[in-house]
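Beneath this line is the structure, given in structure tokens, with notes to follow.
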């Protein structure tokens, strides 16, 4: 009996070993870079859409450069023959992505023309977006928010100037656009055939109207419309390129490849703006790697900007996650306009919106918009939240601004958008330069009148509101405070404790607020180091003339106190 049992086990092990030998070895994802594009040429008028050619001409860019040339076919063919599967061919990076076994990867490294072969780990990720919104009847508060999400940015000013994104082409990268081809919110776009191209870079099909609702929601925050004709975004006059680059429930490196492929496609098809309400964070990278140079998508975004495309990206929803907190990639790119989220009730940083700074104390986010919005979803509309929706609100704003000043280069526009922030030139790592204001583009520039003074008294410097800068605390407003470095509450009065729960005003907005909302006049202050980087910042409610008292001991040599109130910013140097 014992002999039969041992014999059976030996036979089973033999079968398993034979089966293992017959199974193909596991493959991994590799990035293969080439040395040159020798012999490759390009006819720009044949390759690029006329809109892409016009964009380059406006910005005095060459009709094409070597990054636009095709990858050498012989190099690609050798990789195809040596690897398991080629998943992407990138002109911009003169590289291919492929799947290969370790033995195949070793052969790839020996191929002529190969510069490097890098393995990419494949990690399953959790969804980065906040809970999926479902259709429900809109309340009066919802309809108020629908108007305020654009009015807060100065939508009335853009409409009066007849700016609606006309002539701009906006690419949207997302998880899918369920129902957008039938939803009434986009009927006005279908009537004029404003959705000019679509492509699913995961399934490799033109059909993007599946995969998820998130793209539909984002799309509506640029050009969607309620049944009562209220627009949910600022650029209903634009044209659109819709790209599916993301899985619904998992994120893999394949999606960074898809983002790059979509960026090359958007460039070729004449995109002026890319909106990317996507981000990659802690299961793929470490916070210190968010420097705009590590991830493939950050490098792809920077190259898109070099080709004259404005890249607008959500800052991320990790502000209340102690393990991460900072912006994700590609929002970490220096030339990527990272958009943070504001609470529509307080006009202050909303708790989930990711903070800066990016590594090197770089400014992130750059600007901000409402992080709660009314969006289109299959079957109707819903109230939903996330910096995913602040980003398209800003993308639509950027389209209107560029429509007005069409000959601005992409980085000139980037600078003008930052200057259009309500807090400019003040900034911090929660709000960036703040909520964008259309009046910065539609009205003549004026110098703000001084609203406060610095008064040195005893061993402290006080910030005292000027009498002519009248304030009327007609209702109790919530406080906001966030610190890079904590200080004691006695140093400022009144001061909210860090992390204090933000109260919600009970009063309903008045009818005139629905058209032209006026954010509360908070006082923003910060301490800057010798390099001009915030080391402490805070937002205070103004309820008395002496708003802040800061001990001079806090103002060491090289340190600067900077304060912003009612559009006026001033500094007080350390001793």
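The values are calculated or read from the model by the stated rules, or taken from the named source; none is laboratory data. Fair warning: this is a prediction, and the values are worked out from it, not measured in the lab. Here the Cβ is made from the backbone with ideal geometry for all residues, glycine too, and neighbour counts use every protein chain on show.
Quick look at the values:
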read-out: Inter-residue pairs, beta-carbon under 6 Å, first under 18 Å from residue 110 (Cα atoms) and assigned by TED's automatic domain parsing to the domain that holds residue 112 and in the stretch 20-33, second modelled with pLDDT under 60 and surrounded by fewer than 17 Cβ atoms within 10 Å (Cβ to Cβ), 6+ apart; value: 29/122
read-out: Residue among 192, 160 that is farther than 24 Å from residue 301 by Cβ, modelled with pLDDT of 95 or more and touching a helix residue (DSSP H, G or I) at 6+ places or on another chain (Cβ under 9 Å); value: 160
read-out: Those residues of the stretch 332-343 which are crowded, with 24+ Cβ neighbours inside 10 Å and at pLDDT 90 or above, in sequence order; value: 336, 337, 338, 339, 340, 341, 342
read-out: Residue ID - farthest from residue 299 (Cα to Cα), chosen from residues in the stretch 78-100 that are surrounded by fewer than 16 Cβ atoms within 10 Å (Cβ to Cβ) and modelled with pLDDT of 95 or more; value: 81
read-out: Count of residues meeting criterion [over 22 Å from residue 46 (Cα atoms), in contact (Cβ under 8 Å) with a residue 60 or more places away in the chain and out of contact with any helix residue (DSSP H, G or I) (no Cβ under 7 Å at 6 or more places or on another chain)] in the stretch 66-103; value: 5
read-out: Among the candidates 398, 338, residue that is in the same structural domain as residue 179 (by TED's automatic domain parsing) and either in contact with a helix residue (DSSP H, G or I) (Cβ under 8 Å, 6 or more places away or on another chain) or in a loop (DSSP other than H, G, I, E, B) (or both); value: 398
read-out: Qualifying residue in the stretch 527-535 (condition: at pLDDT 90 or above and either within 28 Å of residue 151 (Cβ to Cβ) or in contact with a helix residue (DSSP H, G or I) (Cβ under 6 Å, 6 or more places away or on another chain) (or both)); value: no
read-out: Verdict on residue 183 being modelled with pLDDT of 95 or more and either crowded, with 20+ Cβ neighbours inside 10 Å or within 30 Å of residue 45 (Cα to Cα) (or both); value: yes
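Yes or no, residue by residue, for (1) under 17 Å from residue 223 (Cα atoms); (2) surrounded by fewer than 24 Cβ atoms within 10 Å (Cβ to Cβ):
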| position | (1), (2) |
| --- | --- |
| 372 | yes, yes |
| 397 | yes, no |
| 409 | no, yes |
| 416 | no, yes |
| 424 | no, yes |
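The rows are residues; the columns are (1) buried (at least 20 other Cβ atoms within 10 Å of the Cβ); (2) out of contact with any strand residue (DSSP E or B) (no Cβ under 6 Å at 6 or more places or on another chain); (3) modelled with pLDDT under 95; (4) farther than 29 Å from residue 299 by Cα.
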| site | (1), (2), (3), (4) |
| --- | --- |
| 115 | no, no, no, no |
| 120 | no, no, yes, no |
| 128 | yes, yes, yes, no |
| 164 | yes, yes, no, yes |
| 169 | yes, no, no, no |
